[in-house]
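The values are calculated or read from the model by the stated rules, or taken from the named source; none is laboratory data. The structure displayed is predicted, hence computed values, not measured ones. Methodologically, a virtual Cβ is constructed for each residue, glycine included, from the backbone with ideal geometry; neighbour enumeration extends over all protein chains shown. We work out accessible area using only protein heavy atoms, side chains counted, and drop any ligands, DNA or RNA first. Shrake-Rupley method; radii C 1.70, N 1.55, O 1.52, S 1.80 Å.
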Amino acid sequence: GKSGSKIQSTPTKAGGDRYIPNRSTMQMDMANFLLTKENDSVEESPTKKEQQKAWALNLNGFDIEEAKILRLSGKPQNAPEGYQNNLKVLYSQKMTPGSSRKTSRYIPSMPDRILDAPEIRNDYYLNLIDWSSQNFLAVALDNSVYLWNQSSGEIIQLLQMEHPDDYVSSVSWITEGNYLAVGTSNAEVQLWDLQQQKRLRNMTSHSSRVGSLSWNSYILSSGARTGHIHHHDVRVAEHHVATLTGHTQEVCGLKWSLDGRYLASGGNDNLVNIWPCTQGDSGDLAPVQTFTQHQGAVKAVAWCPWQSNVLATGGGTSDRHIRIWNVCSGTCLSAVDAHSQVCSILWSTNYKEFISGHGFAQNQLVIWKYPTMTRVTELRGHTARVLNLTMSPDGATVASAAADETLRLWRCFEMDPIKKKEKEKANSAKSSIIHQGIR
């Protein structure tokens with residue numbers, strides 16, 4: 001090579017191919033001291049240790065040192081006797097329905113059974129079917145009431161109106177399922193005994209047809225075409241104990257809450273009234289809430305079975321909306337356009353869902369997820385508008401009565417077999433609250 005060649009050195013100017021830091025500016029001694037200090041056992045006074053333990057117990061509910069799961073060396077500490085880990089619940093909980101990744105359950109798109117309902121009245125304002133806790137489905141067909149026993153398939157004609165121009169306008173079973181209330185077009189409220197198949201009494205206080213009925217223990221509430229709601233104490237001779245005047249047109253939706261605290265009424269005047277439970281004539285007989293948002297007649301009223309202050313209502317042809325209310329605060333929790341007349345709403349007792357029955361144009365049933373208000377599925381088959389819905393005592397089957405003169409039974413809320421056994425076991429332990437007779 002050539003003599004006198006220059007020795008290559010790292011360039012001092014910026015723009016070199018790599019950066020080598022100047023180690024003289026680093027505090028290596030300080031870093032080494034800090035690292036070694038962490039590994040030294042620090043002697044703490046007993047008072048300070050006790051103070052830290054007290055803080056940990058107050059803030060966390062347990063001593064952090066005793067609750068360590070992983071240790072870097074040695075065997076993990078054993079939990080002291082009687083110790084309960086508050087964090088354990090996070091890892092032992094079952095998956096919630098929202099977080100589980102299971103596919104949605106199978107819902108049959110066809111009805112389980114179709115029953116004939118000849119001469120059922122195609123009247124939006126009437127309530128013509130009800131399913132009892134003893135598994136009898138009551139159906140009002142013009143001037144007669146028939147009972148269908150789901151267990152045996154037996155059909156019984158319970159009654160027929162004496163005058164051919166009169167018709168049955170509403171039916172409702174008492175909670176125990178042994179008495180049926182019947183509202184008529186000639187302003188009567190009749191009480192029938194299931195076992196004896198006899199009329200026990202005839203209660204007259206209204207001046208127009210009785211299109212809606214609802215029970216609260218021994219109090220039977222009836223809504224009439226005049227807009228009046230009457231409370232009847234069925235145990236006494238003077239049965240008419242109160243009158244509620246909050247509607248100017250026919251009361252077509254009437255439902256007591258499951259805890260018996262409130263009565264919800266919907267009318268042809270587009271109003272929803274919430275009435276308090278009153279004992280006799282005492283107390284204020286004015287509604288505690290009045291909802292005016294619906295733009296059509298409100299026939300569909302249904303109380304949520306797991307939230308006692310939540311009510312679902314549905315409007316008629318000029319409204320078509322389903323609204324969810326908090327009756328304590330008076331707020332509308334959600335509203336959804338159903339795109340068709342809402343005739344009836346039922347909450348599922350097996351799932352966080354409810355089902356609605358509709359008229360023009362699809363005449364379908366829609367299952368909704370709650371509280372997201374998303375559609376789960378639609379059940380089609382009726383060729384005319386759905387008039388009423390009612391649910392079997394086990395909560396698995398929904399019966400729909402329509403103007404096409406058919407009753408269709410949909411097994412849309414069938415429970416998982418394991419959950420079904422658990423529920424039956426829980427229900428068998430319960431006993432009925434009311435055992436007294438009504439006479």
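What are the residues in the stretch 148-166 that are open to solvent by 30 Å² or more (accessible area, probe 1.4 Å) and over 27 Å from the mean Cα position of the chain (by Cα), if any? Let's see the steps before the verdict.
Here is the first cut: in the stretch 148-166, the residues open to solvent by 30 Å² or more (accessible area, probe 1.4 Å) are 150-155, 157, 160, 162-166.
Within the stretch 148-166, Ser152, Gly153, Glu154, Ile155, Gln157, Gln160, Glu162, His163, Pro164, Asp165, Asp166 qualify.
Given the criterion more than 19 Å from Ser265 (Cα to Cα) and either in contact (Cβ under 8 Å) with a residue 24 or more places away in the chain or not aromatic (Phe, Trp, Tyr) (or both), identify the matching residue among Tyr167, Tyr218. Reasoning before the result, please.
Numbers: Tyr218 fails: more than 19 Å from Ser265 (Cα to Cα).
Within the list Tyr167, Tyr218, the selection yields Tyr167.
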Subset of the stretch 169-203 (residues that are part of a strand (DSSP E or B) and open to solvent by 40 Å² or more (accessible area, probe 1.4 Å)): Lys198, Arg199, Arg201, Asn202
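Scanning for something surrounded by 15 or more Cβ atoms within 10 Å (Cβ to Cβ) and either aromatic (Phe, Trp, Tyr) or in contact with a Cys (Cβ under 8 Å, 6 or more places away or on another chain) (or both), does the stretch 340-349 turn up at least one residue? Outline the logic, then answer.
Step one: list which residues in the stretch 340-349 are surrounded by 15 or more Cβ atoms within 10 Å (Cβ to Cβ), which gives 340-349.
Now drop any that are not either aromatic (Phe, Trp, Tyr) or in contact with a Cys (Cβ under 8 Å, 6 or more places away or on another chain) (or both), which leaves 347.
Yes, there is a match, as at least one residue in the stretch 340-349 is surrounded by 15 or more Cβ atoms within 10 Å (Cβ to Cβ) and either aromatic (Phe, Trp, Tyr) or in contact with a Cys (Cβ under 8 Å, 6 or more places away or on another chain) (or both).
Taking the residues in the stretch 218-275 that are among the charged types (D, E, K, R), under 27 Å from Gly177 (Cβ atoms) and part of a loop (DSSP other than H, G, I, E, B) as candidates, determine which candidate is farthest from the chain's Cα centre (by Cα). Walk me through it before giving the result.
Pass one, the stretch 218-275, residues among the charged types (D, E, K, R): 225, 233, 235, 238, 250, 255, 259, 261, 269.
Restricting the remaining residues to those that are under 27 Å from Gly177 (Cβ atoms) gives 233, 235, 238, 255, 259, 261.
Still in the running and part of a loop (DSSP other than H, G, I, E, B): 235, 238, 259, 261.
Working: Arg235: 32, Glu238: 36, Asp259: 14, Arg261: 17 Å.
My answer is Glu238.
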Total residues in the stretch 267-280, condition at pLDDT 95 or above and either of a type in the set (A, V, I, L, M) or in contact with a Lys or Arg (Cβ under 6 Å, 6 or more places away or on another chain) (or both): 3
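How many residues does the stretch 309-323 hold that are of a type outside the set (Lys, Arg) and open to solvent by 60 Å² or more (accessible area, probe 1.4 Å)?
Initially, the stretch 309-323 is screened for residues of a type outside the set (Lys, Arg), giving 309-319, 321-322.
From what is left, the residues that are open to solvent by 60 Å² or more (accessible area, probe 1.4 Å) are 317-318.
Residues flagged as of a type outside the set (Lys, Arg) and open to solvent by 60 Å² or more (accessible area, probe 1.4 Å) within the stretch 309-323 amount to 2.
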Anything in the stretch 390-414 that is of a type in the set (A, V, I, L, M) and either surrounded by fewer than 16 Cβ atoms within 10 Å (Cβ to Cβ) or within 15 Å of Asp112 (Cα to Cα) (or both)? List them, or say none. Met391, Ala396, Val398, Ala399, Ala401, Leu407, Leu409
Which numbered condition trips up Phe62, out of (1) at pLDDT 80 or above; (2) surrounded by 11 or more Cβ atoms within 10 Å (Cβ to Cβ); (3) not hydroxyl-bearing (Ser, Thr, Tyr)? (1)
